[in-house]
C-alpha cells in the first residue's frame, strides 16, 4: 500500500522536465515553442539610439524546417516576406516583385533591420544537433524549476559562437538564450519578457533580442495571436506562395 | 683618302679640345642622359620583374591547368576529375620543376560579428613550398604539415575584419557538388601576411583533403599550377601540355593575369618611348654644340677649302668631331650607369608611400634589374640618333664658299 501511494505520488509529479538529459531538454523546449504547426501574429519593434520602428507580421511554421513570415504593417513593408525551407532562405519584396534567395554570406546579417539575423530564424534547430549540452544549474523560483543549460558547439559545427546559455523553465518555455563569442563575452541575449497563455498553451508572449555590445539596441516581438497544431497546407511554404499569397 | 682621314681625325680631336668647357658640358649632357636612361630603365625593369614574380607567386605559377569553363565560372562542377595519363607524363618532364594541385572555389567566412566573401583554396602544403607565396608567408601560428590537416589559414587583414583571432573558430561556407550549401566550423591555425592587402582579405587556405571533404569533391581538383624553367619563354612547354590534355584548359600566366601582362607590355613600350625622348634631347645638345663650333670657325673652313680640302672631308671632320663627343660621352655614361645601379643595389625604399604602393601591388623596396637589351637599345639609340643629328651641321659646314668665308669679319 505504501508503495502504491508512492507510485501514485510519483505519477502526479509533472512528467515534463523530469530526468531529461540537457540535450533532450533543449530539444523539448524548441519543439514546445514550435509545436507541430503554428500560426502567429506579432508586432516587432526595433529600437535604436535615435530611432524606433514597429512592424507587424504573420508567421506560419511547420515542423522544424519550414517557416514563412509575412509583414502586414506598416504600408512600406507590407507584403515583404521571408521563407525558410530546410536550410535555405528566400525573401520577397513586393516593390520589385522579386524573390531573392538569401545567399549564405547574408545569413549572418540582420533580418529586416532587426537584431535577429537570418541565421536566428533559419538555424534555430541547429542547437539540438550541433552542440554538446551541459546542465549548469537548477533553481526553484515562483513554483517553477529553471534549468540553465550551457551549449557548446561541436568542433566542426558551422557555428560562430563560443557558447550559448539557455535558461529553460520546467514547462519548456525558454526564458533566456544568451550568445557568447569565443572569448566567452556576451554578444546578444534573447529574453522572454512576458509569459501568457495563447493558442491553448503558455508561451513567451513578449520576447526581446538585445545586442549587448551596443546600448539601447534591441528588438522586441510581441505576439498578439497564436494558434498551434492547426492545419496548414504544404503549399504555404513554396516560392510561388511567397510571391503570390492567396487563400489556401 | 686614308691618309687624309688620319689628318681629319687629328683636326677633329683638336677641335674637340679647343674649347674644353663647351666639350665637357656636352659630354656631361650625353653621359648623364645615357646613365639616367639606363638607371631609370633598370629600376622600371626591377619594378616589372617584381610584379611578374609576385603575380606568379600569387598562386598563379607559370602555367595553370583547369577544367574547361572553370575560369569563366569557378564552380565546383567545373573540376578536373581525372588527370589524363598523357598529361601526367608531360608534367614529369624536366621542363617542369614544380607542380601543385589545388581546390579553389569562392565561399564565405563568418565570425561572431562579420562575414566576408573569399576564395577558399585547398592546398597540399608540400607542393606549395617554393611554388606559391603561402608556404613562406605564415608568420603567426603554423602552416599545414599534411594535405589532410584540420584548420584554416587566413590573412592578417581578414583576421582584423572578422574581429577574430588565431585559435578561434570561424565558419566556412560554400556550394558543394550537389549545389547545396555546405558549411563547417574550423579553427584558425595560422595567419599569413602578404604585401597585397587584397590577398590578405580575399584568400583563405584549407588543406586539400579537408576542402574536398567540405565540397563533396572526393579526389577532384580545381586547378594544377606548374612552375617551369623559364617563365618568359613558355610556348614550347605550353603547347606540349595542351596537346597532351585536349579536354583541359591549359594557359600560361600571361593569359591568366591579362591585366598584369598588359601592364608589363605597356611598361616595355613606355621605356622605348622614354629612351627616344632622352636621346632626342641629347641630340639637340649635340647639334647646338656643333653649330656653335662651326660658326666660330667659318673662316677656318674657308681657309681649309682654299687650301684644297674637299667639302666631303669637311663634313667628315665635323662628323668625327661629334662622334668623338658621343663615344666619350657614351663611355662615361656607361661607367656612371654601372656606378648608379651599383649604388641602388640595396634597393630604393618607398615605404613612405607604402600605403598607396600596397594597393597597386608594388613592393616597398624597388631593386634595379639590369636588362642587357635595354642597355644595348639605349647605347645604339644615342649613337645612331646622335650621329644622324650631326649630319645637318656637317653639311652646313661644307657649304661655305672659300671666298665668302675668308672675307667674313669673324
Quiz item: Of the residues B:5, B:59, B:51, B:47, which single one is on the phi > 0 side of the Ramachandran plot and either at pLDDT below 85 or not assigned by TED's automatic domain parsing to the domain that holds residue B:293 (or both)?
Solution: B:59
Quiz item: Within the stretch B:77-95, can one find any residue that is away from chain A (no Cβ under 14 Å), without any contact (Cβ under 8 Å) to a residue 40 or more places away in the chain and under 17 Å from residue B:177 (Cα atoms)?
Solution: yes
Exercise. Find the residue count for the stretch A:154-166, including only residues that are facing another protein chain (nearest Cβ under 8 Å) and within 14 Å of residue A:187 (Cβ to Cβ).
Key: 4
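Is it the case that residue B:287 is surrounded by 15 or more Cβ atoms within 10 Å (Cβ to Cβ) and assigned to a helix (DSSP H, G or I)?
Numbers: surrounded by 15 or more Cβ atoms within 10 Å (Cβ to Cβ): yes; assigned to a helix (DSSP H, G or I): yes.
Yes, satisfied.
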Quiz item: How many residues does the stretch A:167-183 hold that are within 22 Å of residue A:208 (Cβ to Cβ) and either in contact with a helix residue (DSSP H, G or I) (Cβ under 6 Å, 6 or more places away or on another chain) or within 11 Å of chain B (Cβ to nearest Cβ) (or both)?
Solution: 6
Self-check item: Qualifying position, being touching a strand residue (DSSP E or B) at 6+ places or on another chain (Cβ under 9 Å), part of a helix (DSSP H, G or I) and either within 17 Å of residue B:386 (Cα to Cα) or in contact (Cβ under 8 Å) with a residue 24 or more places away in the chain (or both), among B:47, B:25
Solution: B:47
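Can you tell me how many residues in the stretch B:372-406 are without any contact (Cβ under 8 Å) to a residue 40 or more places away in the chain and farther than 16 Å from residue B:275 by Cα?
First pass over the stretch B:372-406, keeping only residues without any contact (Cβ under 8 Å) to a residue 40 or more places away in the chain: B:372-373, B:376, B:380, B:384.
Still in the list and also farther than 16 Å from residue B:275 by Cα: none.
The number of residues fulfilling the criteria is 0.
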Exercise. Return the residue satisfying two criteria in turn: it lies in the stretch A:80-107 and is in contact (Cβ under 8 Å) with a residue 24 or more places away in the chain and not in a strand (DSSP E or B), and of such residues it is nearest to residue A:179 (Cα to Cα).
Key: A:87
Quiz prompt | Segments classed as strands (runs of 3 or more DSSP E), wholly inside the stretch B:108-169, with at least 1 members that are at negative phi and surrounded by fewer than 20 Cβ atoms within 10 Å (Cβ to Cβ) | solution = B:115-123, B:138-141
Quiz item: Can you tell which of B:227, B:177, B:191 is in contact with a helix residue (DSSP H, G or I) (Cβ under 6 Å, 6 or more places away or on another chain), more than 14 Å from chain A (Cβ to nearest Cβ) and not in a helix (DSSP H, G or I)?
Solution: B:191
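The values are calculated or read from the model by the stated rules, or taken from the named source; none is laboratory data. Because the structure is a prediction, the values reported are computed rather than measured. Methodologically, a virtual Cβ is constructed for each residue, glycine included, from the backbone with ideal geometry; neighbour enumeration extends over all protein chains shown.
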